[in-house]
Amino acid sequence: MAPRLVVIGNGMAGVRTVEEILARGGGFEITVFGDEPYGNYNRIMLSNVLAGVQDESGIFLNDLSWYADNAITLHTGTRITRIDRFAKQVYAEDGSATAYDTLIIATGSRAFVPPIPGIHRPGRGYHQGVFAFRTLDDTRAMIRYAREHERAVVIGGGLLGLEAARGLQNHLGHVTLVHAAGHLMNSQLDAQGGAILRRSVEQLGIDIVTGAHTTEILGKHEVTGVRLKDGRVLDCDVVVVAAGIRANATVAETAGLVVERGIVVDDQMRAQDEPDIYAVGECAQHRGETYGLVAPLWEQAKVLADHLTGRDPHAAYHGSRVATKLKVAGVDVAAMGVKEAERDDDETLVFSEPRKGVYKSVVIRDGRLIGATLVGDVSKVAFLMQAFDRGLALPEDRVELMFDLGGPPAEVSAAELADDAQVCNCNGVSKAAIVQTVHGGCRTVSGVMDKTRAGKGCGTCKGLVRQIVEWAAGGEAEEDPKASWYVPGVPMPKPELMHAIRTHGLRSVSSVFATLVPGGEEDAKSKMGLASLLKMMWGDEYVDERDARFINDRVHANIQRDGTFSVVPQMKGGVTTPAQLRRIAEVAERHDVPMVKLTGGQRIDLLGVPKEKLPQIWAELDMPSGYAYGKSFRTVKTCVGSDFCRFGVGDSTALGIAIEERFQGIEGPGKMKLAVTGCPRNCAEAYVKDLGVVAVDGGRWEIYVGGAAGAHVRKGDLLATVGSADEVITLTGRFLQYYRENANWLERTYAFVPRVGIEHLRAIVVDDAEGLAADLDAAMATSVAAYRDPWKERAEPVTPGQFRTSLPLVVLPQVPVR
Amino acid sequence: MNGLRGHRLGPLDEIPVGEGRTYTVDGEMVAVFRLRDGSVRAVSALCPHRGGPLADGQIDNTVVVCPMHLFVFDLATGCSLSGQPDLTSFPVGVDADRTIVIYPEVSP
């Protein structure tokens, strides 16, 4: 027969331990006793129930069927009153006895109710109108009573008291919080942090009295108020006592177990000198500490399960470093370790901005974080918790512990990141996955990116991926020679490659592979970049091999997740006409286009168009392509400008249309999104475009380059301020051409501009310091002249089956079976 | 599969050099590619990741890159080179009359 495991306590710790045991294969006949008449619920969520943001039903963790499914005998509403550790039996209130081989005590804790005169009525329990805040029944009774009354006093300004006060506001009009200590949450926060929290809580309409000892609950039949030590009387008709918790260890103590502040346990959670009795959760005292938070409780449950099931005979609990992050009465609070410096040579950093309710302090000893407090802004908490938990080395600039200093968010160093920290948020790649790949023998950044797909989404994490690879390789990271190549399949950086292409007169992608790659090996991933480069270099002379194009460029539309395409007609400067709108509407309606959407670039997107319908839709629209699919010039966003806007100082729409007219469809190393805005109010968002033009008073135009507002956000750098629209167009062409010739494949202007430097760009583009301007202008003019609207490619497919579906969206030509 | 003669999918010229097209074979979607070295390859048509249409992907003489999220598969074996489940590969060739043929799965 399986050994009998009895668990006293159906709360979070007891049931979590049972879950952990089951997860390790179980092997016990399990009986659980709970003195509450319910299944297992999440006590932490009682605040939400009180606040009315969560239903009671939402806080239950395991319903009764879970116990049945796992063959657990559950006795709810049954309090265990006695443990006979010699006979190995537990006795319930009703006199029944249950035998155990192993006993787990998980009785949790109870509300601490200070002995205030008037709080109890002889023989009736609490005075009517006085409540503790510990159980679901407490919460229910409190809500019921509060709804019919008006003024509440909450005794206790810790976490629980604050939550109770905030929750009560939902049910009655006036809440006062009375706290004995000098500031709120005094066990977690220092005085300054407590004061800032107080301001934020007071702004929620809760009155707060600190340094106030409650000496008496007033009222004969019903509560009428509380009296404080200084004689003040606070009128109220509801009192909630939230003055802390005490371990529920009476039954253990009666049984003769060693109990101090809790049941004393060893590193296996075993009660002192008892081979078969264990305690977990709030009722346990380990190395002198009792814990009232869930994280330590989860750790204890795991150790105990490992130990009891024999999964890990060496499992040991070493205590928890308590770090908490909470929303207290709507205010973010995080606290860990010590509150204040304790020794003369402890370093302390404090930042306080009371107006915003923000307070941050960190305490450092011997270069390690030993404590931190955050109120109001907990953006750095993840990093601080890790540093605290693992004793990591801290940044040289200590202020970085408190603030992100403008750099990308991934500036935490590789070593500091937790193994399970997600590095690539697009493809869900953890630090551990990257480290494993490196340890598996892949020591180049691009190799790791290929294998794990980290950094292959929006790309913002590439820097961090590089750091992790270098760190994991321990100084043996191999420089990827391909990193400097324009495309991975041709061993040359861009300038060398362009020179070789010109020297050999290579006009097609296949000839580049054949001539410039040793062995002539083709590379699928290099084709698109080469096609773009050759088109830019040769214009009309480019030999267009369609297989070198990405699918979007083969069918002039953007492929969507379901294999359909999106159609975005050109709408220069975002200006349209009723006739155009009518035509678009009719086409969309006729073809049942599943979604019609306005784009961020001020166009209209028809989404969900099957490939085979593209030519017909283009024909019916009879509008040019908007190029919303290529690594190319996309659109010029404009504001209303001076024609109608009463603030406009320049005709932004006319200029935007002119720019789009000239540079439409120009291919490049990355997409080019532009904007022209009629005044510095920047309605067209010109400051964050690859090139943005801003009208300033006096008929002048500012040109910004290298802006971005995508995965990467950057304000563009001011390239020049010019006096006419013609100059804007000239400089735009010259800048774009310099970008096309010099940027790496897929390098957007927000990376290119800072890499090259705005001064250098200005010297070349504006001042013509290197005498390149005429060539750049001529090259751009050639490209402009080579423009053909790709949507004219509709009468005759360019290649067989150009628009044939590749998906089973429609019935494919069935092949007859012979 | 149907005897030793296999499935005749259609003329090779239906597929432009260096591209792929999708065919249905016994109700199964197959992407057939015409490589620049003159040979043909056939693999299951949908990317196991999110169902991307592989025939719309770019190829070289070794691999196909899914157009959706750029996962890479070996054209000869169907093996994923980027950590996804593998594709099924089909024995494929071109007849004397330049017709694409999927051979039965017994080894040729």
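The values are calculated or read from the model by the stated rules, or taken from the named source; none is laboratory data. Keep in mind that this is a model prediction, so the values were computed, not measured. In this analysis, Cβ positions are derived from the backbone assuming ideal geometry, glycine residues included, and neighbour counts consider all displayed protein chains.
Filtering A:Ala51, A:Ala23 for residues that are in contact with a Gly (Cβ under 6 Å, 6 or more places away or on another chain), hydrophobic (A, V, I, L, M, F, W, C) and either on the phi > 0 side of the Ramachandran plot or in contact (Cβ under 8 Å) with a residue 12 or more places away in the chain (or both) leaves a single hit, A:Ala51. On the basis of being closer than 30 Å to A:Asp544 by Cα and at pLDDT 95 or above, does A:Lys613 make the cut? Here the answer is no, as A:Lys613 does not meet what is asked.
Among the residues making up segment B:24-58, a single one is facing chain A (nearest Cβ under 9 Å) and in contact (Cβ under 8 Å) with a residue 60 or more places away in the chain: B:Val25. Taking the conditions (1) surrounded by fewer than 19 Cβ atoms within 10 Å (Cβ to Cβ); (2) not assigned by TED's automatic domain parsing to the domain that holds A:Val32 in turn, A:Glu93 satisfies each one other than (2). Restricting segment A:767-803 to residues that are within 14 Å of another protein chain (Cβ to nearest Cβ) and in contact with a Lys or Arg (Cβ under 6 Å, 6 or more places away or on another chain) leaves a set whose member that is surrounded by the fewest Cβ atoms within 10 Å (Cβ to Cβ) is A:Thr799. Apart from one condition, A:Gly539 fits all of (1) within 23 Å of A:Ala786 (Cα to Cα); (2) crowded, with 17+ Cβ neighbours inside 10 Å; (3) among the small types (Gly, Ala, Ser); (4) outside the structural domain of A:Leu606 (by TED's automatic domain parsing); the exception is (2).
Being assigned by TED's automatic domain parsing to the domain that holds A:Gly27, free of Cβ contacts under 8 Å to residues at least 60 places away in the same chain and out of contact with any helix residue (DSSP H, G or I) (no Cβ under 8 Å at 6 or more places or on another chain) holds for only one residue in A:Ala71, A:Ala99, and it is A:Ala71. Listed by position, the helices (runs of 4 or more DSSP H) inside segment A:358-466 whose residues that are modelled with pLDDT under 80 number at least 2 are A:381-390. Against the numbered list (1) more than 8 Å from chain A (Cβ to nearest Cβ); (2) touching a helix residue (DSSP H, G or I) at 6+ places or on another chain (Cβ under 9 Å), B:Gly18 comes up short only at (1). Cβ-Cβ contacts under 8 Å between residues 6 or more apart (or on different chains), taken from a first residue in segment A:103-128 that is on the phi > 0 side of the Ramachandran plot to a second residue that is in a loop (DSSP other than H, G, I, E, B), are listed as A:Gly108/A:Gly9; A:Gly108/A:Gly11; A:Gly108/A:Asn248; A:Gly118/A:His127; A:Gly118/A:Gly219.
For segment A:22-47, a tally of residues being surrounded by 17 or more Cβ atoms within 10 Å (Cβ to Cβ), within 39 Å of the chain's Cα centre (by Cα) and farther than 14 Å from A:Gly9 by Cβ returns 5. Find the residue count for segment A:587-602, including only residues that are in contact (Cβ under 8 Å) with a residue 12 or more places away in the chain and either at positive phi or more than 30 Å from the chain's Cα centre (by Cα) (or both). Count: 7. Applying the set (1) of a type outside the set (A, V, I, L, M, F, W, C); (2) within 21 Å of A:Gly670 (Cβ to Cβ); (3) within 14 Å of another protein chain (Cβ to nearest Cβ) to A:Lys451 leaves exactly one unmet item: (2). Taken over segment A:114-148, the residue count meeting the criterion of being in a loop (DSSP other than H, G, I, E, B) and surrounded by fewer than 18 Cβ atoms within 10 Å (Cβ to Cβ) is 8. Under the condition of being in contact with a helix residue (DSSP H, G or I) (Cβ under 9 Å, 6 or more places away or on another chain) and part of a loop (DSSP other than H, G, I, E, B), the residues counted in segment A:15-37 number 8.
Only strands (runs of 3 or more DSSP E) whose full extent lies in segment A:510-614 are considered here, and the ones with at least 1 residues that are over 23 Å from B:Arg50 (Cα atoms) are A:595-598, A:604-609. Selection of segment A:57-89 for residues being in a helix (DSSP H, G or I) and either touching a Gly at 6+ places or on another chain (Cβ under 6 Å) or surrounded by 13 or more Cβ atoms within 10 Å (Cβ to Cβ) (or both) yields A:Ile59, A:Leu64, A:Trp66, A:Tyr67.
The combined condition, being in a strand (DSSP E or B) and among the hydroxyl-bearing types (Ser, Thr, Tyr), is not fulfilled by A:Thr107. Is there a residue being surrounded by fewer than 12 Cβ atoms within 10 Å (Cβ to Cβ) and either more than 29 Å from A:Ser532 (Cβ to Cβ) or in contact (Cβ under 8 Å) with a residue 60 or more places away in the chain (or both) anywhere in segment A:556-578? Looking through segment A:556-578, at least one residue is surrounded by fewer than 12 Cβ atoms within 10 Å (Cβ to Cβ) and either more than 29 Å from A:Ser532 (Cβ to Cβ) or in contact (Cβ under 8 Å) with a residue 60 or more places away in the chain (or both).
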